[in-house]
1. Give a quick list of chymotrypsin sites (Phe, Trp or Tyr not before Pro) in the range 10-51 that DSSP marks as loop, anything other than H, G, I, E or B, with at most 14 other Cβ atoms within 10 Å.
2. Gain in length, D40 to Y12, computed as 0.36 nm per residue apart minus the alpha-carbon separation, to one decimal in nm?
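Only the coordinates and a few stated rules stand behind these numbers; no lab work does. What you see is a predicted model; the values in this text were computed from it and never measured. Cβ placement follows ideal geometry from the backbone for every residue including glycine, while neighbour counts extend to all protein chains displayed.
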Amino acid sequence: MIDLIQEKLRSYGAKNRLEEENATKEIMQEIALYALWKADFFDVAVFQGGTSLRILHG
C-alpha cells in the first residue's frame, strides 16, 4: 500500500511541501472512496458535491 501511495505521489509532481501535503490528502481520499466502492457502499448511499464530481468523474 505504501508503494502505491508513493508511486501516485510521484505522479503528482509536487513542487513544495504544501503541494505534497495536498496530493497526499487527495490520494487518501481516492483510496477511501475505492474501499467504499469495493464494500458496495454505493449500492445504498451516494455522495453529493465536489468530491464525487472531481475525483470520480474527472
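1. F47
2. Working: separation 28, 0.36 × 28 = 10.08 nm, distance 2.85 nm.
Gain on stretching D40 to Y12: 7.2 nm.
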